[in-house]
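The values are calculated or read from the model by the stated rules, or taken from the named source; none is laboratory data. Computed from a predicted structure; not experimentally measured. We place every Cβ from the backbone using ideal geometry, glycine too, and count neighbours over all the protein chains shown. The accessibility values were calculated without ligands, DNA or RNA, using every heavy atom of the protein model including side chains. Shrake-Rupley method; radii C 1.70, N 1.55, O 1.52, S 1.80 Å.
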Amino acid sequence: MALIPSRPSSSEAPNLGRRQFMNLLTFGAVTGVALGALYPVVRYFIPPREAGLSGGALALDELGNPIAANGWLASHPEGDRSLVQGLKGDPTCLIVEGQGAIGAIGIHAICTHLGCVVPWNSGENKFICPCHGSQYDPEGAVVRGPAPLPRAMAHVAVAGERVQLNPWSEIDPRAGGKPWWS
Ligand code: FES
């Protein structure tokens, strides 16, 4: 009477390997089919990226909809500096220039003193902060404190109806140095 289990015969060992191989093959096929079926579902829930927006953002209105350049120009007169939602959703003034064009520079609307939103005062031709009276010229440079710094800037690019804001990392032309905000 033999108590030691017998070793698989030489004909069983290849069968086990073949079974494992078939299991692996089946698992791979099922996984591939499942991933293939899930891909369009996952893509459906991921919002598409806007082409050409690397680091930039479309200018949005107060409801979060992209503004249309022609519509904006039709409702904002020359010299206007109304607000849009810009980079990171920050309020940013678009400048309407002569000949119905949106200027290439956007001015961040946040006061560099304590962070109030600074409206444009067309009668005074300045931005005047309602909190502590700082004043900025039409390009956002300080003309009266206590604001210590000019307001941040962004590039504005108009392509067809799209108005896009891009980060400003070059020299600040108003102060002549590296921008404090980048
Ligand atoms: Fe604008 Fe103080 S927050 S002057």
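Within the range 72-86, does at least one residue satisfy the condition of being within 20 Å of the chain's Cα centre (by Cα), farther than 15 Å from VAL163 by Cβ and part of a strand (DSSP E or B)? Among the residues of the range 72-86, not one is within 20 Å of the chain's Cα centre (by Cα), farther than 15 Å from VAL163 by Cβ and part of a strand (DSSP E or B), which makes the answer no.
Looking at the range 139-154, can you tell me whether even one residue there is under 21 Å from ALA69 (Cα atoms) and under 20 Å from the mean Cα position of the chain (by Cα)? Looking through the range 139-154, at least one residue is under 21 Å from ALA69 (Cα atoms) and under 20 Å from the mean Cα position of the chain (by Cα).
Evaluate the following for ALA68: is it within 16 Å of the ligand (Cβ to nearest atom), hydrophobic (A, V, I, L, M, F, W, C) and either farther than 20 Å from GLY55 by Cβ or surrounded by 16 or more Cβ atoms within 10 Å (Cβ to Cβ) (or both)? No. Pairs linking a residue in the range 116-139 that is of a type in the set (Val, Ile, Thr) to a residue that is within 10 Å of the ligand (Cβ to nearest atom), with Cβ atoms under 6 Å and 6 or more positions apart or on different chains, are VAL118/CYS111; VAL118/PHE127; VAL118/CYS129; ILE128/GLN135.
If only residues of the range 125-172 that are among the small types (Gly, Ala, Ser), open to solvent by less than 40 Å² (accessible area, probe 1.4 Å) and not in a strand (DSSP E or B) are counted, the one that is nearest to the ligand (Cβ to nearest atom) is SER134.
Among the residues of the range 111-125, the ones that are over 17 Å from PRO148 (Cβ atoms) and not small (Gly, Ala, Ser) come to 6 in all. Scanning the range 74-113 for residues that are within 16 Å of the ligand (Cβ to nearest atom) and in contact with a His (Cβ under 7 Å, 6 or more places away or on another chain) yields ASP90, HIS113.
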